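**Q** A single structure is presented below for examination.
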Amino acid sequence: MKNTTKLKHILQLYTVSLDMDDEEQFHLTLFSKRQAGSVTFVDKRYTTVVGKAFSHLTKNLKANR
């Protein structure tokens, strides 16, 4: 699945903040639209942080069934 498709699915349930630090590491933070709380994923590659966020999304969807 392409990153843009993953991001589209993520944005349906989360507000996303994307940042890069001085060491060129991406920080992708998810803020839930339905519950209080947030989670942050950090990596040097954009693809990896989007993948981790999508994995987090699918785990939460399975847990809430």
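The values are calculated or read from the model by the stated rules, or taken from the named source; none is laboratory data. Owing to the predicted nature of the structure, the values given are computational and were not obtained by experimental measurement. Heads up, the Cβs are rebuilt from the backbone with ideal geometry, glycines too, and the neighbour counts pull from every protein chain shown. These area figures cover heavy atoms from the full protein model, side chains too; ligands, DNA and RNA do not enter into them. Shrake-Rupley method; radii C 1.70, N 1.55, O 1.52, S 1.80 Å.
**Q** Quickly run through segment 23-40 and pick out the residues that are within 17 Å of Lys8 (Cα to Cα) and either surrounded by 11 or more Cβ atoms within 10 Å (Cβ to Cβ) or touching a residue at least 40 places away in the same chain (Cβ under 8 Å) (or both).
**A** Leu28, Thr29, Leu30, Phe31, Ser32
**Q** Return only the number of the condition from (1) loosely packed, with under 10 Cβ neighbours inside 10 Å; (2) assigned to a helix (DSSP H, G or I) that His56 does not satisfy.
**A** Every listed condition holds for His56 apart from (1).
**Q** Moving on to the next point. Return yes when Thr47 is closer than 15 Å to Thr4 by Cα, open to solvent by 40 Å² or more (accessible area, probe 1.4 Å) and not in a loop (DSSP other than H, G, I, E, B) and no when it is not.
**A** When the stated conditions are applied, Thr47 passes them.
**Q** Applying the selection to segment 12-22, what residues are surrounded by 13 or more Cβ atoms within 10 Å (Cβ to Cβ) and part of a helix (DSSP H, G or I)?
**A** Correct list: Leu13 only.
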